[in-house]
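The values are calculated or read from the model by the stated rules, or taken from the named source; none is laboratory data. Just so it is clear, the model here is predicted, and its values are computed rather than measured. Cβ coordinates were reconstructed from backbone atoms using ideal geometry, including for glycine residues, and neighbour counts include every protein chain displayed. Note: accessible area is taken over every heavy atom of the protein model, side chains too, but ligands, DNA and RNA are not part of it. Shrake-Rupley method; radii C 1.70, N 1.55, O 1.52, S 1.80 Å.
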Amino acid sequence: MRFAEFIGKVGERAGIADRFEAEKTAAVVLQALCDRLSGKEANDLLAQLPAIFRDLVVVSPAPLPISVDEFVARVADELQVGPDEARKRIRATFATLREAVTVGELQDVLEQLDPDYADLLE
């Protein structure tokens, strides 16, 4: 999937008309997700996404053990939106990820997340 298509889908799903805001949303959610994953898994995920994300997202070697509520709060703070809006944007980005990466890669990502994250994957 190309970058413009990825951003367009995130924007459409989240109800974001402004392309810059959709780009920021995707980058913030992907950064938070990659911080939650091991360095290897984050790199594997980014390898299947448009190359620009590899420039936007910093990969840490070890995962941050944050709860789903902390994940949502972090995204909300970065985007300066409320928790409900953050959840909507996270879901939009995760739905687009499901289309952009292989089933095997998605499964590898899901295995590193707590079951509480399932609510964000709907």
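Among 84-97, 101-114, how do they line up by average Cβ neighbours within 10 Å per residue, starting with the highest?
84-97, 101-114
To two decimal places, what compactness ratio does region 1-52 give when its Cα radius of gyration is scaled by 2.2 N^0.38 Å?
Normalised Rg, Cα atoms only: 1.16.
How many Å² of accessible area per residue for the chain, probe 1.4 Å?
I get 51 Å² per residue for this part.
Could you work out the Rg to Rh ratio of the chain, with Rh taken as the Kirkwood radius (inverse of the mean 1/r over all Cα pairs)?
We get a ratio of 0.92 for the chain.
Could you quote the convex hull projected area for region 63-122, Cα atoms only and averaged over all directions, in nm²?
Taking the Cα atoms of region 63-122, their convex hull projects to 4.1 nm² on average.
How large is the charge dipole for region 43-108, taken about the Cα centre, if only the Cβ atoms of Lys, Arg (+1) and Asp, Glu (-1) carry charge, to the nearest 20 debye?
160 debye
What ranking do 52-62, 73-83 get when scored by the average of other Cβ atoms within 10 Å per residue, highest first? Intermediate values should be presented prior to the final figure.
Working: 52-62: 13.8, 73-83: 15.6.
Those peptides, ordered most packed to least, come out 73-83, 52-62.
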